[in-house]
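Asker: Below is a structure I'd like to ask you about.
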Amino acid sequence: MPRRPYLSSRLQGFGTTVFSEMSALAVQTGALNLGQGFPDSDGPDEVKQAAIDAIFAGVNQYPPGPGTLDLRTAIAEHQKRFYNMSLNPADEVLVTAGATEALAAALLGLCETGDEVIAFDPTYDSYAAGIAMAGAVLKPVPLRPQADGTFGFDDEELRRAFTTRTRLIMLNTPHNPTGKVFTLSEMQLIAELCLERNVIAVTDEVYEHMVFDGSHIPLAGLPGMRDRTVTIGSAGKTFSFTGWKIGWATGPAPIISAVRTAKQFLTYVNGAPFQPAVAVGLRLGDSYFDQLLVQMVAKKELLCEKLEQAGFGVLAPQGTYFVTADISTVTTKKSLPFCMGLPEEAGVVAVPCSVFYSDDRMGQDHIRFCFAKSDAFLAEAGDRLIAAYG
Ligand SMILES: *Cc1c(COP(=O)(O)O)cnc(C)c1O
């Protein structure tokens, strides 16, 4: 990438994301956009109504810095209900402007310049930029496709990534973009290394309610980890309101206090009328969360089946609303040029997995599709891929 004259050295190398380019291509060509990760239908009506009611009830000025007490209480109740974790809403829960701000504030509030931050590669696209903005250094540990179609890492590579400079490890489970759900034994190894090396964990659990087999395991629930883990969630993903940008971070008071200090000078606060609405969402009955999962499983199966019929190798996800396809069975192109041609060739948009890796040799045969779309949309996209490649 050419050096841009006004951009700070910390952010050289971070261009506009491929997502905007792809979405522009989708608009130009009328292609079906399975690229960017957002649902095409909104969340529950009672949650929407609560936001509307809050606006008319005058909940329109700055909320309290850490978030409204009622929402912090609802977040604590949610962690108790699903994971049996007890949190004090007073100082162990922080409401943020989406999970993105929680991640950035954790990095800015917890890292010294030059500290190392371990993350599994590929990463969600804000991680590397957040680490750079904090003046820290990303130490990637690669996730590679395994023979069984899941993604895995090498234990030794993870061990070696921990050095005397390691401050944090970032864990995203279920993992975007791969759809990997980290196993209990993988998380036990991560926990063991954090305890041994006195490292803090920042866990991005925005897809916690989209785990297809078994149930979600928060790293903070493992022995010894409660005192050193920041757990991050998002109403965008759990309630399909990505534009509301309400997220949260929970953890031990001294760590949350550090995160809050950074958060205070990023946005200070956000989304006053959305905060009571998200509290309503978090208190919805089990049927909401069960239904969300049932729908996502059906969508995953629908798209995976179509991708197989189109001749792609399918790395079926264990969670999230993304699926990775291996394109080497249908093309000799690498993932970026393949995705650039896909709207013209098939009328569909997907994202090349190479953009998520810090190692640019990786993800060359893999592309990511988002299946948080209507069944009709997925079926049509699938049929277009079958027509083009099947
Ligand atoms: C969507 C997403 C986020 C960002 O969540 P917001 O609440 O929209 O800021 C963070 N991490 C992962 C893995 C995501 O997929």
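Asker: Quick one: the Cα spread of segment 128-245 along its three principal axes, in angstroms, biggest first?
Answerer: Answer, in whole Å and largest first: 40, 37, 27 Å.
Asker: Follow-up. Per residue, how much accessible surface does the chain expose to a 1.4 Å probe? Answer in Å², no decimals. Please list the in-between numbers first.
Answerer: Working: 16060 Å² over 390 residues.
Result: 41 Å² per residue.
Asker: Can you name the helices of the chain, as whole DSSP H runs, whose Cα span along the helix axis is 20 Å or more and whose Kyte-Doolittle mean is not below -0.5?
Answerer: Correct list, ordered by number: 286-309, 375-389.
Asker: For the chain, which whole-number percentage of the solvent-accessible area (1.4 Å probe, protein heavy atoms only) is attributable to carbon and sulfur atoms?
Answerer: 53
Asker: I would also like to ask the following. List the pairs from 48/80; 80/373; 180/333; 48/299; 48/306 whose alpha-carbon separation is above 27 Å, in the order I gave them.
Answerer: From 48/80; 80/373; 180/333; 48/299; 48/306, over 27 Å: 80/373; 48/306.
Asker: Taking 0.36 nm per residue of separation and subtracting the Cα-Cα distance, what length does fully extending residue 10 through residue 308 add?
Answerer: 103.1 nm
Asker: Using r as the Cβ-Cβ distance of residue 189 and residue 29, and R0 as 35 Å, what FRET efficiency do you calculate, to the nearest 0.05?
Answerer: Working from the Cβ atoms, E equals 0.20.
Asker: Right, here's the next one. Given the convex hull over the Cα atoms of the chain, what projected area results after averaging over all orientations, in nm²?
Answerer: Mean projected area of the Cα convex hull: 18.9 nm².
Asker: Along its three principal axes, how long is segment 289-354 when you only count alpha carbons? Whole Å, largest extent first please.
Answerer: 40, 21, 18
Asker: Right, here's the next one. What ranking do 351-359, 93-101 get when scored by the average of other Cβ atoms within 10 Å per residue, highest first?
Answerer: Going by the mean number of other Cβ atoms within 10 Å, highest first, we get 93-101, 351-359.
Asker: A follow-up question, please. Please list, or write none, the aspartates and glutamates whose alpha carbon is within less than 13 Å of the alpha carbon of residue 263, excluding same-chain residues fewer than 8 places away.
Answerer: 101
Asker: Report, to one decimal in Å, the Kirkwood hydrodynamic radius for segment 256-319 based on all distinct Cα pairs.
Answerer: 15.7 Å is the Kirkwood radius here.
The values are calculated or read from the model by the stated rules, or taken from the named source; none is laboratory data. For clarity, every value in this text was computed on a predicted model and none was experimentally measured. Cβ atoms come from the backbone with ideal geometry, glycine included; neighbour counts cover every protein chain shown. Just the protein is used for accessible areas: all its heavy atoms, side chains included, with ligands, DNA and RNA removed. Shrake-Rupley method; radii C 1.70, N 1.55, O 1.52, S 1.80 Å.
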